[in-house]
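Here the structure is laid out as structure tokens; the discussion comes afterwards.
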Amino acid sequence: MSDKSSNAMWGGRFSAGPDAIMEAINASIGFDKRLYAQDIEGSKAHATMLAVQGILTEDDADAIRAGLDKVRAEIEAGDFPFSAALEDIHMNTESRLKDIIGEPAGRLHTARSRNDQVATDFRLWVRDQCDAAITGLEALIRALLGQAEAGADWVMPGFTHLQTAQPVTWGHHMMAYVEMFARDKSRFEDARTRMNESPLGAAALAGTSFPIDRHATATALGFDRPAANSLDAVSDRDFALEFLSASSICAVHLSRMAEELVIWSSAQFRFVVLSDRFSTGSSIMPQKKNPDAAELIRAKIGRILGATVALFTVMKGLPLAYSKDMQEDKEQVFDAADNLLLSLAAMEGMVRDMAANRPALEAAAASGFSTATDLADWLVRELNLPFRDAHHVTGTLVAMAEERRIDLPDLSLEDMQSVHPQINEGVFDVLGVHNSVASRMSYGGTAPEQVRKQIARWKEKLG
């Protein structure tokens, strides 16, 4: 390429163009072309405002808008000639616009800089990803509500330290993830509200002397208001950091649930059967059905959290206002958004399709002395024992049952009375797993009645 062609969009400041290495490190068109739709919409809003303010003629603004629509059509049809020599999506778009409409294209950049232009484009793109994440989370929450409603009274073991702790209901376990993913949804909603300010019109860093109307362009692009400080507007990437932070927390939650699905679908647990749509076979072992989708979701936190750390590291020492370092803000966000949205869709599909193995859940719920806490509570409630004494009595009875290789309900009344003589037949009413879960009626507890109340609350909330 000639020096002249490589500097065509720069004007007369430099006499020599970048060599191949400089072009390679400087160009961002390989990834920021994903911002084409936002770039074009921002430019159309800017052109319209310039015409209203008398800075452009209506004829020029009409030509610019029509030309930009043609550019967008070419990009979406795969016919656009992207050029690394033109560095980024902004210069590629403007250069092609000039080819299409000629001299009026050169007036589009009046009263703006690539600094406020890219800040606007990127903010619009991240805002779209927040919306997509919110939609994906709502779909996942609805799938979890469906599972919870179907199994509101199915018993299963609740775990601490991955050891059987107390019986819970399948519905209660599903509703735990509803609460978790609902917090993720609220984080994206909150981040979206905070990022919804327009940088357009901040220009390079100091604003502009042209009589522009920043409120008009903000409204046209769906922002709540223009950003109030031009220095901050072009240098702020908090919106991307917040999106990545919310994405990382969400990916952690997805990974935790994926881990449970991997465990639950194993031959040792048999708690759930995952559909064939989200499983694969083995190349050598014909009996295998691997939970590959769950395992891949479990791994996605690595790249999403990695993107978060990367952008924090890029931003940590930058002075105001714009520095070229900030070109490194997009690839990580693009990758994180792609993988988060894919993971949400895959998890929603798995949850919607999976079949819980109710007999296996119930059998596991009754194992591992899961009603020991119910026994201790009964001793406190019915015999007025101090809890520490009740804990000791229960531990002794568990040791007795363990030695005999039976469960607590299989001990005789005489066995129990040998440890504490005041124990009576009423104790057996609390030792069954169904009685145990039914008794957990505190707000947010595992009792089927409470689970159904929470399901109804969330259905009403989601509409």
Alpha-carbon centroid distance for the pair segment 59-87 / segment 304-329, whole angstrom: 29 Å
Relative packing of 317-328, 254-265, which averages over residues the other C-beta atoms within 10 Å, highest first: 254-265, 317-328
Hydrodynamic radius (Kirkwood) for the chain, which is based on Cα pairs only, to one decimal in Å: 26.4 Å
Label-point separation, Ile21 to Asp59 (7 Å along Cα→Cβ), nm: 5.0 nm
Linear extension gain, Asp415 paired with Arg457, 0.36 nm per residue minus alpha-carbon span: 10.6 nm
Förster radius 60 Å - calculated FRET efficiency between Phe428 and Ala228, Cβ distance, rounded to 0.05: 0.30
Cβ-based charge dipole, the chain, positive-most Cα from Gly102, Leu137, Ala372: Gly102
Dimensionless Rg/Rh of segment 111-180 - Kirkwood Rh, Rg from C-alpha atoms: 1.37
Rg and Dmax of segment 22-107, Cα atoms only, in Å: 13.1, 40
R0 of 25 Å, Cβ-Cβ distance Thr219-Phe312: FRET efficiency to nearest 0.05: 0.20
0 to 90° range, to nearest 10: angle between helix 170-195 axis and the chain longest Cα axis: 20 degrees
Å² of accessible area per residue within segment 348-397, as computed with a 1.4 Å probe and no ligands counted: 46 Å²
Estimated dipole of the chain in Debye, rounded to 20 [Cβ of Lys and Arg +1, of Asp and Glu -1, Cα centre]: 120 debye
Sulfur and carbon atoms: percent of accessible area, segment 305-356 [1.4 Å]: 59 percent
Carbon and sulfur %, accessible surface of segment 47-153 computed with the full protein complex present, 1.4 Å: 46 percent
Helix axis angle, 372-383 relative to the chain longest principal axis, alpha carbon, degrees: 60 degrees
Whichever lysines have a C-alpha closer than 18 Å to that of Lys324, once near sequence neighbours (fewer than 8 apart) are set aside: Lys33, Lys316
Accessible area of segment 172-259 divided out per residue, in Å², using a probe of 1.4 angstrom: 39 Å²
Rounded percent of accessible protein surface that carbon and sulfur make up, segment 370-463, 1.4 Å probe: 50 percent
Peptide ranges 395-403, 126-134 listed from the most packed, as the mean C-beta count within 10 angstrom indicates: 126-134, 395-403
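The values are calculated or read from the model by the stated rules, or taken from the named source; none is laboratory data. Just so it is clear, the structure is predicted and the values come from calculations on it, not from any experiment. Every residue, glycine as well, gets a Cβ built from its backbone with ideal geometry; the counts of neighbours run over all protein chains shown. Note: accessible area is taken over every heavy atom of the protein model, side chains too, but ligands, DNA and RNA are not part of it. Shrake-Rupley method; radii C 1.70, N 1.55, O 1.52, S 1.80 Å.
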